[in-house]
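Colleague: Take a look at this one; I'll ask things after.
Bear in mind these aren't lab numbers, they're just calculated from the coordinates by the rules spelled out. The structure displayed is predicted, hence computed values, not measured ones. Quick reminder, even Gly has a Cβ in these numbers, built from the backbone with ideal geometry, and neighbours come from all protein chains shown.
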Amino acid sequence: MPTTGRDTVLPDQVAGRSEAPRVHLLCGLVGAGKTTHARHLAAELPAVRFSLDEWMLRLYELPYDDPQYAVRVEGCTALIWETAMQVLALGHDVVLDGNQWSRKHRQTWRQRVEAAGYRPILHHIDVSVETAVEQVARRTATGVPGSHPIDEAGVRHHRTIFEPPDENEGIEIVTVRR
């Protein structure tokens, strides 16, 4: 939050809001509908949405399985967070559309958000593997811009490493079943 001398602007005092802006995080299987949900959230709240996939594809044109993706994703994520912090400082919610697929990843982001003085909310898009496979096939067939191409094997592999969230993680969880 910006400070000037003795005057500190607290997150809950920004833009006359009665509560601090919130950071909405998403998790779910590949193809679960996280970006679709993020778009709905951004429109309904309102909030500013940041999609890691869209930024990575637009800036670097790298698919997620390219070795350079791992090299560049950290810098892109840092830039998204820095920009999101500016939006939060103006009193607006943000939606960070990047998959919080592991407990460790969610813990890191929860701590980051809380350290900045904001409240994280995790939206778990809970779908069956079959639904995710169908949605990925539809997305691939229609060539949805800003999304990585992935096949059924990729969805099924992701299911083996995805760690569903639970109430012991210390973060508010909103479960969306589709």
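Colleague: Counting only the backbone N, which residues of region 23-45 are under 19 Å from the spot 7 Å out from the Cα of His105 toward its beta-carbon?
Modeller: Counting only backbone N, you get 23-39.
Colleague: Right, something else. Give me the net charge of Gln107's neighbourhood, meaning all other residues with Cβ under 15 Å from the Cβ of Gln107; Lys, Arg count +1, Asp, Glu -1. If you can, show how the numbers build up before the last one.
Modeller: Details: positive: Arg103, Lys104, Arg106, Arg110, Arg112; negative: Glu114, Glu163, Asp166, Glu167, Glu169, Glu172.
Value of the local net charge: -1.
Colleague: Would you work out which of Ala32, Gln111, Pro67 lies farthest towards the positive end of the dipole of the chain? Charges go on Cβ: Lys and Arg +1, Asp and Glu -1.
Modeller: The residue sitting farthest along the positive end of the dipole is Gln111.
Colleague: Give, rounded to the nearest 20 debye, the magnitude of the charge dipole that region 20-177 has about its Cα centre when Lys and Arg contribute +1 at Cβ and Asp and Glu contribute -1 at Cβ. Write down the numbers at each step before the final one.
Modeller: Values: 17 positive and 21 negative charges, 40 e Å.
So the magnitude is around 200 debye.
Colleague: Okay, next question. Which of His157, His123, His92 moves most in a GNM of the chain, Cα contacts under 10 Å?
Modeller: Per the Cα network of the chain with a 10 Å cutoff, His157 tops the list.
Colleague: Can you tell me which of Leu88, Leu59, Leu41 moves the most in a GNM of the chain? Springs connect C-alpha atoms under 10 Å apart.
Modeller: Maximum fluctuation in the GNM of the chain, among the listed residues, is at Leu59.
Colleague: For the chain, with a Gaussian network of springs between Cα atoms less than 10 Å apart, report the residue from Ile161, Ile80, Ile150 with the top mean-square fluctuation.
Modeller: Among Ile161, Ile80, Ile150, the largest GNM mean-square fluctuation belongs to Ile161.
Colleague: If I stretch the segment between Ala141 and Val71 completely, what's the gain in nm (0.36 nm per residue apart, minus their alpha carbon distance), one decimal? Write down the numbers at each step before the final one.
Modeller: Values: separation 70, 0.36 × 70 = 25.20 nm, distance 2.89 nm.
Using 0.36 nm per residue and subtracting the Cα-Cα distance, I get 22.3 nm.
Colleague: So what is the relative contact order for the chain, in percent, with contacts set as C-alpha pairs under 8 Å and at least six apart?
Modeller: Working: 276 pairs, mean separation 59.5, N = 178.
Relative contact order for the chain comes out at 33 percent.
Colleague: Just add up the charged neighbours of His40: K/R +1, D/E -1, any other residue whose Cβ is under 14 Å from the Cβ of His40.
Modeller: Net local charge, His40 excluded: +1.
Colleague: Just one of [x] 13.5; [y] 11.1; [z] 18.5 is mean projected area of the Cα convex hull in nm² calculated from these coordinates, so which is it?
Modeller: Label of the calculated value: [y].
Colleague: Would you please give the FRET efficiency between Glu169 and His40, computed as 1/(1 + (r/R0)^6) with r the Cβ-Cβ distance and R0 = 25 Å, to the nearest 0.05? Write down the numbers at each step before the final one.
Modeller: Numbers: r = 23 Å, r/R0 = 0.94.
Computed FRET efficiency for Glu169 and His40 comes out at 0.60.
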